[in-house]
Amino acid sequence: MMNYSETPFLIEISQEFAKVYPGAYVGILVLEKVMLQSRSSNLETARNEIIRGLQKQFPDLDSLKAHPVIQAYTKYYRKFDKSYHVLGQLRSVIFENRPVPSASPLVEAIFAAELKNMFLTAFHDLETISFPLKIGISSGGETYLTLSGDEKRLKPTDMMVSDQTGVISSVIYGPDKRTRVTPSTSRILIVVYAPDGISRENIISHFTDIESLICSVTPECKRTFQSVFPLG
C-alpha cells in the first residue's frame, strides 16, 4: 500500500492496483463551498452547448462507439459482462433528443461534464468520509449499499475506493448511499475512474470542466485538492 501522507487528505493506493491495471488512474478532486440551491440559466446554457457540441461531433452511434474514451471503458466493462452506462446516456441525449433528467444543480453540473468528457465520475459528501481513503482492487467479498439502496457484492478485480467505514464507490456499481450528496452538501469529493487508454491530462481537463461549471454559478466555490493516482 503506497501512502501519500503529504496530501491534505490522507490517500493510499494498493500495490496491486498497478499490477492488475497498468496504465489506469483514479483522479480525486475536492471542491468546497459548492452549495447550489437553485437552478441557473448559466448552467443550463452551458449544458445545452455541450449537448449541441456532441451532436455535431458524432453524426451516428458508430462514431460515438469508436471514440477512444468510450472504447477504453467498453473494454473494461466487457470483462464483467456489463455495458458502459454513460454510453447509453450519451446515446439518449445525442441521438434520441431525450431531456437530461432533472436533478440538483450540483448533480446536473457534474453530469454535464461527464457527458462532455465521457468519464465515469462518482461524487460524495466530504463530511461523511472517514479518512484515509484507499484506492484498490476488490477481492469479491466487499459489499455496500448503492445509491438505490440495493446491497451489492463487488465483482473480483473491480476498481474501488473505500474509507475507514467501507466502500464508497466502484466502477461497476457506482457510488454508495452512505456518502451521497444532499441539498445541504457544501464540500464535495469527486472520483474519476480511468482505465488504460485515458491519460492523466485527460482527467485533469475533466476536473477543470467540473470546477468551471460548478464555480460559474457558485463564485465562492474553491478547489482544495486535486490529484491523479498513482502519482508520478
Neighbour counts of other C-beta atoms within 10 Å: give me Val192, Val181 arranged from fewest to most.
Val181, Val192
Low-density loop positions, chymotrypsin sites (Phe, Trp or Tyr not before Pro), the stretch 58-135 - DSSP coil, at most 15 other Cβ in 10 Å:
Phe80, Phe95
Under the Karplus relation with 6.51, -1.76 and 1.60 and θ = phi - 60°, whole-Hz ³J(HN,Hα) for the stretch 184-199, x at Gly and Pro, equal 8, 4, 10, 10, 10, 10, 10, 10, 10, 9, 10, x, 3, x, 10, 8
Spelling it out for Tyr25: with amide H atoms placed in the peptide plane at 1.01 Å from N, the residues 5 or more places away or on another chain with amide H under 5 Å from its amide H are Ala194
Looking at the calculated P(r) for the chain, what percent of the C-alpha pair distances fall above 34 Å?
10
Taking the stretch 78-165, the equivalent ellipsoid from its C-alpha gyration tensor has semi-axes in Å, biggest first, of 26, 18, 12
If amide hydrogens are placed 1.01 Å from N in the peptide plane, which non-local residues have theirs closer than 5 Å to the one on Phe123?
Val191
Along its three principal axes, how long is the stretch 14-135 when you only count alpha carbons? Whole Å, largest extent first please.
43, 39, 20
Tell me which residues come under 5 Å, amide H to amide H, from Phe225 once H is placed; ignore anything under 5 positions away on its chain.
Val30
Going by Cα centres, the stretch 180-232 and the stretch 122-173 are how many Å apart?
18
What helix-only [θ] at 222 nm does the chain give? Using -39500 (n - 2.57) per DSSP H run of at least 4, over all residues, to the nearest 500, the answer is -10500 deg cm²/dmol
Can you quote the Å³ per residue value for the convex hull of the Cα atoms in the stretch 8-84, rounded to an integer?
169
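Every number here is computed from the coordinates shown, using simple stated rules; none is lab data. Given the structure is predicted, the values throughout are model-derived calculations rather than measurements. Backbone-built Cβ (ideal geometry, glycine too); neighbour counts: all protein chains shown.
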